[in-house]
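The values are calculated or read from the model by the stated rules, or taken from the named source; none is laboratory data. Values in this document were obtained by computation on a predicted structure and should not be read as measured data. FYI the Cβ positions are ideal-geometry reconstructions off the backbone, even for glycines, and counts take in every protein chain you see.
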Amino acid sequence: MQAGAVRTTDTPPVIAVVGPTGSGKSDLAVSLALELDGEVINADSMQFYRGMDIGTAKITVAERRGVPHHLLDILDVTEEASVSEFQQQARAVIADIHARGKRAILAGGSGLYVRAALDVLEFPGTDPAIRRRLEAELEAGGAAPLRARLEVVDPVSAGRLGDARRIIRALEVFELTGRPFSSFMPTREYVQPAVQIGLDVDRGQLRERLARRVHTMVESGLLEEVRTLDAAGLRLGRTAPRALGYAQFLRVLDGESDAAQAAEATIVATRQFARRQLTWFRADPRIHWLDWQDPDLVAKAAARTVPG
């Protein structure tokens, strides 16, 4: 167990509402909070960013229905989201909510962030100097030499990681800690009592819903939102400019695409992301799956959260 983590049976379990993008996680989390006297903690890494509202389908103040929401709008677009910092913040918020006799409800589709909040999971530190040196090596010689080095010191990670950014991170961790990056992989062990509710979707219906949602975002001013954020330094960030919709509509601003093409590219990318999310969450046997369109969804989800 990590330092600072406390196992206790004196408080009810943390609730996590998970599933693919567009499945209704935010709405269910609010309904559960109203039913169970709870508060919601955001676990969508792109909803950390101030001003990224339309393109992330960020829940509005009206849609929150008076339920307190935590860890929304906590970063500028120039800042980098950090799963290790989120872990500390989320656990502190959970402890505060429980200390006030409320129920803590985590909601979001960023799988690693959910696990960081819920599971026994250790994050190695970072070293900017090592990172810069490895990035310089990548620029000078490409990814192949770095991958070859990783295969020697951490063959498990070398077999799992595809992109250069993750290879650099794995080598950085090994140099910094002397341990292979793969040794830090999470185990499916809750750091405190928890229950996960997964929204089981009809994939065909979800595909259509995601397409409609992107078109609604465009009609609601996504391009102007991206233009405003671009002026605020969106491209300077490491995380925010890669967000779904934002990356595609930055190309419109650059004259490399038009709005219709950007919308279609966003739909394709969002559907691919939803498939990856489903694969991630389906791999966790602890999740209780409920039909996303069940008229008794809230009652059934609430019943799952009763301790014992």
*the range 258-308 - residue that is of a type in the set (Gly, Ala, Ser), closer than 21 Å to Arg212 by Cβ and without any contact (Cβ under 8 Å) to a residue 60 or more places away in the chain and, of those, surrounded by the fewest Cβ atoms within 10 Å (Cβ to Cβ)*: Ala260
_As an exercise: evaluate Ile197 against (1) in contact with a His (Cβ under 8 Å, 6 or more places away or on another chain); (2) of a type in the set (Val, Ile, Thr); (3) in a loop (DSSP other than H, G, I, E, B) and give the number of the one condition it does not meet._
(3)
*All but one of (1) surrounded by 17 or more Cβ atoms within 10 Å (Cβ to Cβ); (2) in contact with a Ser or Thr (Cβ under 9 Å, 6 or more places away or on another chain) hold for Gly233; which doesn't?*
(1)
*Mind listing whichever residues of the range 251-308 are under 20 Å from the mean Cα position of the chain (by Cα) and either at positive phi or among the charged types (D, E, K, R) (or both)?*
Arg271, Arg275, Arg276, Arg282, Asp284, Arg286
_Here are the criteria: (1) modelled with pLDDT under 95; (2) within 17 Å of the chain's Cα centre (by Cα); (3) closer than 17 Å to Val195 by Cβ. Tell me which single one Thr239 does not satisfy._
(3)
*Take the range 66-113 and flag every residue that is within 13 Å of the chain's Cα centre (by Cα), under 23 Å from Thr279 (Cα atoms), at pLDDT 95 or above and aliphatic (A, V, I, L, M).*
Leu106, Ala107
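Taking Val218, is it in a helix (DSSP H, G or I), hydrophobic (A, V, I, L, M, F, W, C) and closer than 19 Å to Ser45 by Cβ?
Working: in a helix (DSSP H, G or I): yes; hydrophobic (A, V, I, L, M, F, W, C): yes; closer than 19 Å to Ser45 by Cβ: no.
No: the conditions fail for Val218.
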_Cβ pairs under 8 Å, 6+ apart, first in the range 107-120 and closer than 16 Å to Leu71 by Cβ, second aromatic (Phe, Trp, Tyr) and surrounded by 22 or more Cβ atoms within 10 Å (Cβ to Cβ)_ = Tyr113/Phe86; Ala116/Phe86; Ala117/Phe86
_Being β-branched (Val, Ile, Thr), at pLDDT below 95 and either within 23 Å of Asp200 (Cα to Cα) or not assigned by TED's automatic domain parsing to the domain that holds Ala194 (or both) narrows it down to one residue among Val6, Val18; which is it?_
Val6
*asked:* Here's a check for you: in the range 9-34, which residue that is over 21 Å from Arg91 (Cβ atoms) and touching a Ser or Thr at 6+ places or on another chain (Cβ under 9 Å) is surrounded by the most Cβ atoms within 10 Å (Cβ to Cβ)?
replied: Gly22
_Pair list, Cβ < 6 Å and 6+ apart or interchain, from the range 47-59 residues that are assigned by TED's automatic domain parsing to the domain that holds Arg213 and surrounded by 23 or more Cβ atoms within 10 Å (Cβ to Cβ) to residues that are small (Gly, Ala, Ser) and at pLDDT 95 or above_ = Tyr49/Ala240; Gly55/Gly245; Ile59/Ser26
*asked:* Among (1) over 30 Å from Glu225 (Cα atoms); (2) free of Cβ contacts under 8 Å to residues at least 12 places away in the same chain; (3) not aromatic (Phe, Trp, Tyr), there is one condition Glu35 misses while meeting the rest; what is its number?
replied: (2)
*Go through the range 211-243 and give me each residue that's within 28 Å of Arg166 (Cβ to Cβ) and either in contact with a Phe, Trp or Tyr (Cβ under 6 Å, 6 or more places away or on another chain) or not assigned by TED's automatic domain parsing to the domain that holds Asp53 (or both).*
Val226, Ala240
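I'm trying to understand the selection: among the residues of the range 139-156, which are part of a helix (DSSP H, G or I) and surrounded by fewer than 16 Cβ atoms within 10 Å (Cβ to Cβ)? Give the steps one after another, and end with the answer.
Narrowing the range 139-156 to residues part of a helix (DSSP H, G or I): 139-141, 143-153, 155-156.
Listed by number, the residues that qualify are Glu139, Ala140, Gly141, Ala144, Pro145, Ala148, Glu151, Val152, Pro155, Val156.
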*With the condition kept exactly as written, say whether any residue in the range 248-255 is surrounded by 13 or more Cβ atoms within 10 Å (Cβ to Cβ), in the same structural domain as Asp53 (by TED's automatic domain parsing), of a type in the set (Gly, Ala, Ser) and modelled with pLDDT of 95 or more.*
no
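Listed here are the residues, each with its yes/no results for (1) surrounded by 23 or more Cβ atoms within 10 Å (Cβ to Cβ); (2) within 24 Å of Ala243 (Cα to Cα).
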site: Gln88; (1), (2): no, yes
site: Val93; (1), (2): no, no
site: Leu106; (1), (2): yes, yes
site: Glu122; (1), (2): no, no
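Listed residues Leu161, Leu146; which is at pLDDT below 90, of a type in the set (A, V, I, L, M) and not assigned by TED's automatic domain parsing to the domain that holds Ala263? Write out each step before concluding.
Details: Leu146 fails: at pLDDT below 90.
Just one listed residue meets the conditions, Leu161.
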